[in-house]
């Protein structure tokens with residue numbers, strides 16, 4: 001059994017590997033934390049570059065459940081907090097590869113993180129108290145904020 005937890009931006013760099021997992025019927029469960037951003041890049045841009053986004057907003061992303069099915073794998077969506085346990089159990093019960101789409105709040109940050117060029121002892125453990133999480137101005141951002149379900 002292999003559990004992979006990845007962001008939607010990073011997983012799209014190698015979704016074709018799902019074909020191998022299907023052919024070999026590998027028990028790979030991929031949990032896609034789907035915030036429609038290159039999340040760590042966006043987080044750096046918020047924390048260190050005053051929210052000036054460059055090439056981090058993905059806008060539209062594929063329907064990961066349909067993408068999994070197109071490859072011949074199973075797809076599961078965990079779209080409410082109440083469905084987290086059930087969705088995990090569902091994914092683990094399937095013998096072959098599974099993509100689990102987990103839509104999240106677009107501006108949720110991920111910690112700990114090391115700032116660009118920083119050392120381990122400079123690790124940031126939480127949002128600074130003065131950080132204001134943006135609502136987004138890109139049309140895809142505004143639309144997506146209304147349908148996200150999972151937050152910290």
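Please grab the % of Cα pairs in the stretch 2-145 that end up more than 18 Å from each other.
60 percent
I need 46, 127 ordered by Cβ neighbour count within 10 Å, fewest first.
Ranking 46, 127 by Cβ neighbours within 10 Å, fewest first, gives 127, 46.
Where does each of 58-68, 77-87 land if you order them by average Cβ count within 10 Å, highest first?
58-68, 77-87
Provide 88, 33 in ascending order of the number of other Cβ atoms located within 10 Å of each residue's Cβ, fewest first.
Least to most surrounded, the residues fall as 88, 33.
On average, how much area does the Cα convex hull of the stretch 53-134 cover when viewed from any direction, in nm²?
The number I arrive at for the stretch 53-134 is 8.4 nm².
Show me the ranking of peptides 4-14, 113-123 by mean Cβ neighbours inside 10 Å, starting with the highest.
Top to bottom by mean Cβ count within 10 Å: 4-14, 113-123.
Each value in this text was obtained by applying a stated rule to the coordinates, not by laboratory testing. Since this is a predicted model, take the numbers as computed values, not measurements. A quick note on method: Cβ atoms are made from the backbone with ideal geometry, for glycine too, and the neighbour counts reach across all protein chains shown.
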